[in-house]
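Written out below as structure tokens is the structure these notes cover.
The values are calculated or read from the model by the stated rules, or taken from the named source; none is laboratory data. Keep in mind that this is a model prediction, so the values were computed, not measured. Cβ placement follows ideal geometry from the backbone for every residue including glycine, while neighbour counts extend to all protein chains displayed. What goes into the accessible areas is simple: the full protein's heavy atoms, side chains included, and nothing from ligands, DNA or RNA. Shrake-Rupley method; radii C 1.70, N 1.55, O 1.52, S 1.80 Å.
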Amino acid sequence: MNLFARLSALIIALIAILSVSLGMQAQQVHHVQGELLVKFYKDVDVRQWVMNHKVVNDREIGMKFNKRVSIPMNIYSVNFDFTKIDENELLRLVRYSDAVELAQFNHFVKLRSTEPNDPEFPNQWQYINTGQSGGTPGADIDADLAWDIATGGLTSQGDTIVVCIIDDGIDNDHPDIEPNLWVNIEEIPNNGIDDDANGFVDDYRGWDTGSGSDAVYDGGGHGTPVAGIVGAKGNDGFGVAGVNWDVKLMIVQGGSGVESEVLEAYSYPLTARMRYNSSDGARGAFVVSTNASWGTDFGQPADAPLWCAFYDTLGVHGIISCGATINGNQNVDVIGDLPTACPSDYLISVTNMNHNDQKVTGAGYGAETIDLGAFGQDTWTVSSGGGFGGFGGTSGATPHVAGAIALLYSGPCPNFVSLAKADPAAAALLAKQYVLEGVDPNASLDGITTTGGRLNIFNSMQMLLDDCGPCPPPASLAAVDLTDTNASLVWVENDSILVSNLQWRAIGATDWNVEMDVEAPFALSGLMACTEYEFAMFANCENEDSDVTTSYDFKTDGCCENPTQFAVSDIDNSEITVEWSNVLAAESYNVQIAELGSGAW
């Protein structure tokens, strides 16, 4: 039997058993079964109400009074036989009762502090400082609390968030970096053609201003740890975690040498975001921040008007740029610095803090030019060559801020993302405002920075949520661990949510499958191979329900199709090495080669 016939038989078999297998999906119970918490209006006779609801829809459900939970809030606990009635059905009926103001399940509660399972994470004191490095407990950016809300990667509307790292390249083979590297999917690598007409030829992996190519994978002694702070793959059971666990890292090799390369380097993310904005997300990339852990000591903005003006242009199109100030105990207001003395509203200038929450002596400051401090000295991250270690200087401080900007865009706030689409500049300034107003006040920064504080990502995220409304929906929707018949759906909840609800279907289907009161990860099984599905979330909060999120699309494995990634990885005299991604349904692969223009394969 050929491959197509086998796949056809498999799909027919899956269709035959679909109605059975979908009813057997694994779910967890996240509340006390057979118990409701009910807030009654004043003057309601609760015991009589319970008596009146012993029989529901002609079924004896064993409704009985349990106890009064809160006197001032008039909340009571009532029990029922959950084997006699669907719990969600009863909850809906109770909520419609004229005597009831609010009702919900009695959910299990656990201590919350989202920490990734990366084995090197305990060394990352900048996220959770318990004194493990000899520093001051609590001197950290409260990353675990921010990760309770969002972990990065996608906006609430499904946009892939990108941070541009302008540095000395990247160690693309590092296992904690490779999964999050951005590639230009519109470009065919190494064909000598500007396939996407963005002005850069063969820019599949990013851009190197020195060679005029995408040769950004040949360095990274400095850029690799910088990129790792922004977005090392998190919660993957390996190495460390970045500020964002799943953000895409756009690599531009530049920012050293001469100023013309600086302007060319910034042109690359600017072009990508402009294309994204003008095509409603169909082309380009949703770049939200750039990171420059480099600059010109004592540089004067008056002497570099083109450089400084570039930040305004980036900002107008939705990009906040982050710059590392001088590694010296210098007042930048007086001595100058590029880029951190540039006056742009769309630039954040960062100085360096240590594990005792003190500004490092050898780091610049300026009451008018330097915005905030962030942890840099001896922060733990990836290192070039596949390892891990301490990194330092303002170079280590700044990517925490660039990463914080990206994390905000992954927060559960559709209104903020809609603003980023309608008015990119306004959203960029709002993100900057959340970062600067969310700082922890710090005595060592007071009077020598514009904010007098040090980065706190959780505070910034909380400000975003406060502006977004009382019931933002779950965020960071994704489908992981995909096979031909299974998928694991994941998302991130915020503290306002009492219940998360899921709806999913095959794309093109009319009706949604609805699963109430679910928790991530949620396992879907019995799916059809090589089929596109979509899912969305909505939440119940204390006083209202959230909107339904934008749908997240995914496709099950099992298609007999060409690999999604195919590239020449090495050329050595007469030998060419080609690589491609694995295809589950494939029994074999065929490669054809021809001299360019000959047509003879």
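Of the residues that make up region 396-405, is at least one open to solvent by 40 Å² or more (accessible area, probe 1.4 Å), in contact (Cβ under 8 Å) with a residue 12 or more places away in the chain and either out of contact with any helix residue (DSSP H, G or I) (no Cβ under 7 Å at 6 or more places or on another chain) or closer than 20 Å to Ile177 by Cβ (or both)?
No; the residues of region 396-405 include none that is open to solvent by 40 Å² or more (accessible area, probe 1.4 Å), in contact (Cβ under 8 Å) with a residue 12 or more places away in the chain and either out of contact with any helix residue (DSSP H, G or I) (no Cβ under 7 Å at 6 or more places or on another chain) or closer than 20 Å to Ile177 by Cβ (or both).
Tell me which residues, restricted to region 351-395, are touching a helix residue (DSSP H, G or I) at 6+ places or on another chain (Cβ under 7 Å) and either of a type in the set (D, E, K, R) or more than 28 Å from Gly336 (Cβ to Cβ) (or both).
Glu368, Asp371, Trp380, Thr381, Val382, Ser383, Ser384
If I filter region 197-212 for residues that are out of contact with any helix residue (DSSP H, G or I) (no Cβ under 8 Å at 6 or more places or on another chain), buried (at least 20 other Cβ atoms within 10 Å of the Cβ), in contact (Cβ under 8 Å) with a residue 60 or more places away in the chain and of a type in the set (Gly, Ala, Ser), do I get at least one hit?
Scanning region 197-212 turns up no residue that is out of contact with any helix residue (DSSP H, G or I) (no Cβ under 8 Å at 6 or more places or on another chain), buried (at least 20 other Cβ atoms within 10 Å of the Cβ), in contact (Cβ under 8 Å) with a residue 60 or more places away in the chain and of a type in the set (Gly, Ala, Ser).
Could you name every one of the helices (runs of 4 or more DSSP H) located completely within region 388-461 that has at least 2 residues being among the β-branched types (Val, Ile, Thr)? Give the derivation first.
Details: elements: 393-409, 414-422, 424-437.
Per the criteria, 393-409.
Can you list the strands (runs of 3 or more DSSP E) lying wholly within region 539-601 that have 1 or more residues being open to solvent by less than 60 Å² (accessible area, probe 1.4 Å), closer than 23 Å to Glu186 by Cα and not aromatic (Phe, Trp, Tyr)?
Of the strands (runs of 3 or more DSSP E) lying wholly inside region 539-601, those with at least 1 residues that are open to solvent by less than 60 Å² (accessible area, probe 1.4 Å), closer than 23 Å to Glu186 by Cα and not aromatic (Phe, Trp, Tyr) span 566-572, 575-580.
Can you work out which of the residues in region 445-472 that are over 30 Å from Glu515 (Cβ atoms) and free of Cβ contacts under 8 Å to residues at least 24 places away in the same chain is most open to solvent (accessible area, probe 1.4 Å)?
Asp446
Tell me, which residue of region 535-560 that is within 21 Å of Leu584 (Cα to Cα) and under 19 Å from the mean Cα position of the chain (by Cα) is modelled with the lowest pLDDT?
Asp553
Quick one: would you say Gly387 is open to solvent by 10 Å² or more (accessible area, probe 1.4 Å), without any contact (Cβ under 8 Å) to a residue 60 or more places away in the chain and in contact with a strand residue (DSSP E or B) (Cβ under 8 Å, 6 or more places away or on another chain)?
Considered against the rule, which asks whether it is open to solvent by 10 Å² or more (accessible area, probe 1.4 Å), without any contact (Cβ under 8 Å) to a residue 60 or more places away in the chain and in contact with a strand residue (DSSP E or B) (Cβ under 8 Å, 6 or more places away or on another chain), Gly387 comes out as no.
If you scan region 213-238, which residues turn out to be over 18 Å from the mean Cα position of the chain (by Cα), open to solvent by less than 10 Å² (accessible area, probe 1.4 Å) and among the small types (Gly, Ala, Ser)?
Gly220, Gly223
Among the residues of region 322-330, are any under 25 Å from the mean Cα position of the chain (by Cα), of a type in the set (S, T, N, Q) and crowded, with 24+ Cβ neighbours inside 10 Å?
No - not one qualifying residue is present in region 322-330.
What are the residue pairs meeting all of these: first residue in region 283-306, first residue open to solvent by 80 Å² or more (accessible area, probe 1.4 Å), second residue modelled with pLDDT under 95 and aliphatic (A, V, I, L, M), Cβ atoms under 7 Å, and 6 or more apart or on different chains?
Leu306/Leu263
Among what's in region 47-85 and is of a type in the set (Gly, Ala, Ser) and within 17 Å of His107 (Cβ to Cβ), pick the residue that is surrounded by the most Cβ atoms within 10 Å (Cβ to Cβ).
Ser77
Right, Ala475: closer than 30 Å to Lys432 by Cα, in contact (Cβ under 8 Å) with a residue 40 or more places away in the chain, crowded, with 19+ Cβ neighbours inside 10 Å and of a type in the set (A, V, I, L, M, F, W, C) or not? If you could, list the steps in order and put the result at the bottom.
On the way: closer than 30 Å to Lys432 by Cα: yes; in contact (Cβ under 8 Å) with a residue 40 or more places away in the chain: yes; crowded, with 19+ Cβ neighbours inside 10 Å: yes; of a type in the set (A, V, I, L, M, F, W, C): yes.
Spelling it out, Ala475 is indeed closer than 30 Å to Lys432 by Cα, in contact (Cβ under 8 Å) with a residue 40 or more places away in the chain, crowded, with 19+ Cβ neighbours inside 10 Å and of a type in the set (A, V, I, L, M, F, W, C).
Could you tell me whether any residue of region 495-512 is within 18 Å of the chain's Cα centre (by Cα), of a type outside the set (Asp, Glu) and crowded, with 18+ Cβ neighbours inside 10 Å? Break it down stepwise before answering.
Of the residues in region 495-512, the ones within 18 Å of the chain's Cα centre (by Cα) are 495.
Those still in the list that are of a type outside the set (Asp, Glu) too: none.
No, because not a single residue in region 495-512 is within 18 Å of the chain's Cα centre (by Cα), of a type outside the set (Asp, Glu) and crowded, with 18+ Cβ neighbours inside 10 Å.
Closer than 18 Å to Val499 by Cα, of a type in the set (D, E, K, R) and modelled with pLDDT of 90 or more, is that true of Glu60? Can you show your working first?
On the way: closer than 18 Å to Val499 by Cα: no; of a type in the set (D, E, K, R): yes; modelled with pLDDT of 90 or more: yes.
When the stated conditions are applied, Glu60 does not pass them.
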